[in-house]
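The values are calculated or read from the model by the stated rules, or taken from the named source; none is laboratory data. Quick caveat, the model's predicted, so the values are computed rather than measured. In case anyone asks, the SASA skips ligands and DNA or RNA and just uses the protein heavy atoms, side chains included. Shrake-Rupley method; radii C 1.70, N 1.55, O 1.52, S 1.80 Å.
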Amino acid sequence: MKKILVINGPNLNMLGVREPEIYGKTTLKDIENMIKNAAEKYGVLTEFFQSNHEGDIVDKICSCFENKVDAIIINPAAYTHTSVAIRDALSAVKIPAIEVHISNIHLREEFRHKSLTAPACVGQICGLGIYGYIAALEYFCKNKEISK
Ligand code: DQA
């Protein structure tokens, strides 16, 4: 069975409470359940990881190599704009990844326009709200790269 790891970075544990006018009112738990249910329909296993700590996210990405993860969906949150370490980890494991942002980072403050992590990903989805996670999942499930 194919396995997809969904990683959420700092402050995304606060979804539902955090700036609902930007990120909506859905909690991270609800988003994870939504992804899990959608993945089950494709016969794909999901694992979820959230951390507020850069090194823990790097460790998790590196562990994907041994754990035979087939694809990664990652919202690096604020680390998107700062983390060479997360970008390098994604490049190191060479597992296809899609970067997701709930908000449209290009419509927001200038410091959010640049993603250091996106160049290590297959693509980036932003501004589609929580549907972005499902769009990423469907890409992987319908793409022969992981659903052989
Ligand atoms: C975010 C956008 C980032 O700029 C921000 O730091 C986040 C969330 C998003 O999902 O829209 O924490 O990644």
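State the Cα centre-to-centre distance between the stretch 3-45 and the stretch 84-148 in whole Å.
Here the answer is 14 Å between Cα centres.
Measure off, as a whole percent, the carbon and sulfur share of the 1.4 Å-probe accessible area of the chain, all protein chains present.
Numbers: 3970 of 7400 Å².
Taking all protein chains in place, the chain shows 54 percent carbon and sulfur surface.
What number comes out for accessible area per residue over the chain if the probe is 1.4 Å? Units Å², please.
Details: 7400 Å² over 148 residues.
The answer is 50 Å² per residue.
Under 23 Å between alpha carbons, and skipping anything fewer than 8 positions from K94 in its own chain: which lysines qualify?
The qualifying lysines are K2, K3, K60, K68, K114, K142, K144, K148.
Using only DSSP helix segments of four residues or longer, with each worth -39500 (n - 2.57), what per-residue ellipticity at 222 nm results for the chain after dividing by its residue count and rounding to 500?
On the way: 5 runs with 53 residues, N = 148.
The per-residue figure over the chain is -10500 deg cm²/dmol.
Can you give me the long-range amide H partners of F48? Hydrogens built in the peptide plane at 1.01 Å from N, cutoff under 5 Å, separation of 5 or more residues or another chain.
Residues meeting the amide H criterion: V6.
Amide H of S83: which non-local residues (sequence gap of 5 or more, or other chain) have their own amide H closer than 5 Å, using H built in the peptide plane?
Close amide H contacts, sequence-distant or interchain: L116.
If a/c stays under 1.5 just call it rounded; otherwise compare a/b with b/c (prolate if a/b is bigger, oblate if not). Do that for the stretch 1-101, with a ≥ b ≥ c from the square roots of the Cα gyration tensor eigenvalues. Please list the in-between numbers first.
Working: a/c = 2.24, a/b = 1.12, b/c = 2.00.
Since a/c reaches 1.5 but b/c is at least a/b, the shape of the stretch 1-101 is classed as oblate.
Please compute the contact order of the chain in relative form: average sequence separation of alpha-carbon pairs under 8 Å and at least six residues apart, divided by the residue count, as a percent. Mind dumping the intermediate values first?
Working: 263 pairs, mean separation 38.5, N = 148.
In percent, rounded to a whole number, it is 26.
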